[in-house]
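Let me begin by presenting the structure, written as structure tokens, before commenting on it.
What follows is calculated from the coordinates using simple rules that are stated; it is not laboratory data. Values in this document were obtained by computation on a predicted structure and should not be read as measured data. A quick note on method: Cβ atoms are made from the backbone with ideal geometry, for glycine too, and the neighbour counts reach across all protein chains shown.
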Ligand SMILES: C[S@@+](CC[C@H](N)C(=O)[O-])C[C@H]1O[C@@H](n2cnc3c(N)ncnc32)[C@H](O)[C@@H]1O
């Protein structure tokens, strides 16, 4: 997977991925999205007013905005709160970049703690060196590829910028005294650098074992993680549905604490029906700007506050509401999309456009 840094509307940095042809954040801003689509609607900040411990699962860590914004906001409200982050990300290169590209919060100690957790698994410096050397190869015509609202950065500027931040931040982080960080004792971060499907099975397995015998994860206690909050942030469902299937949501359901919730930026009909089929009760999160709402999913119906509108519920009954499936848990995105298309052809359900025209009078 290859990507290049770009700028979002709030001025914070995101990435554009050439193989998936997708951006990593909404155009409203990488930082703004993390705050408005995850931290705030999840109810996390209310939760830490009354709890001194919180566990978060960050599915698709990327540049780490969702986890870092959450931790930073939690510490403002409850500086004594013990926080555990379990973060899943498939791409070591994006993890290395997360150590230098994240902006929006100026908290060196937080950055240091994430950097140290990532450095347990990968050689950040070596990966960044390689990336900086090759960055010019990535795309000469980025502007033609970017969706409206995003700004490109000149390749030379990227190179210079990365180089500067790299030497200023990483080299000083490597030499900084670990014990100096006040968040160290409160913040535990575990990284799973893997396909989220394997990682989620592993975490569910670790939870159910009385002894964690897996060497690679021996530092992680068994029974450690029924997260209170899951941040679900994969690439766009219609482009990369593998982490939006009923089968994947079932694993997340199994993992989530009984009183917890899952938030995601997506309001797509197959995502919402997929969550429902996996056992969740779903509601909407407030739209930001002109964008559509996101989704929040609970295991208990009584926790639901923001119900779907009639229009949103109606669309789930149409052809668009057929979810994605990945029964064997190793299908490709193409297979999942093709399978869904076949199901749509034979479903006999009304199309979404007919629904809008006939029922909603659009
Ligand atoms: C939309 S971006 C996430 C942005 C991120 N939450 C942030 O704050 O920067 C999607 C991320 O999912 C990762 N990803 C893609 N496929 C994955 C998979 N099968 N398992 C785990 N991570 C995956 C990508 O490398 C990318 O970093």
- Only helical DSSP H runs with n ≥ 4 go in: add -39500 (n - 2.57) per run for the chain, normalise by residue count and round the 222 nm mean residue ellipticity to 500 deg cm²/dmol. -10500 deg cm²/dmol
- Message: Counting other beta carbons within 10 Å of each residue's own, what order do 81, 99 fall into, fewest first?
- Response: 81, 99
- Kirkwood-Stokes translational diffusion coefficient of region 3-235, alpha-carbon pairs, 10 °C, 1.306 mPa s, µm²/s: 86
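Dividing the convex hull volume of the alpha carbon atoms of region 44-130 by its residue count, what do you get in Å³ per residue?
Values: hull volume 7.6 nm³, N = 87.
Hull volume normalised by residue count: 87 Å³.
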- Task: Compute the acute angle (0 to 90°) between the alpha-carbon long axis of helix 196-208 and the principal axis of greatest extent of the alpha-carbon atoms of the chain; round to the nearest 10°.
- Result: 80
- Query: Say each of residue 317 and residue 53 gets a label point 7 Å from the Cα, pointing the same way as Cα to Cβ; how far apart are those two points in nm?
  - Reply: 4.5
- With a 10 Å radius around each residue's Cβ, average the other Cβ atoms per peptide and rank 338-348, 56-66, highest first. 56-66, 338-348
- Cα-projected label distance for residue 18 with residue 145, points at 7 Å along beta-carbon direction, nm: 0.5
- Message: Given an 8 Å cut-off on Cα distances and at least 6 residues of separation, report the relative contact order of the chain as a percent.
- Response: 16
- the chain, Gaussian network, Cα under 10 Å: of 237, 79, 323, the residue fluctuating most is 79
- Query: residue 254 versus residue 343, label points 7 Å from Cα toward the beta carbon: distance in nm?
  - Reply: 1.9
- Query: Restricting the count to DSSP beta bridges whose residues both fall in the chain, what percent are antiparallel, rounded to a multiple of 5?
  - Reply: 45
- Relative to the longest principal Cα axis of the chain, at what angle does helix 333-346 sit, 0 to 90 degrees, rounded to 10? 10
- FRET E, pair residue 134, residue 332, Förster distance 25 Å, beta-carbon r, rounded to 0.05: 0.40
- Helix axis angle, 246-255 relative to the chain longest principal axis, alpha carbon, degrees: 60
- Note on the structure: Ordered by fewest other Cβ atoms within 10 Å, a rough proxy for footprinting exposure, 103, 134 read 134, 103
- Message: Quick check: the distance between the Cα centres of region 95-156 and region 323-362, to the nearest angstrom?
- Response: 36
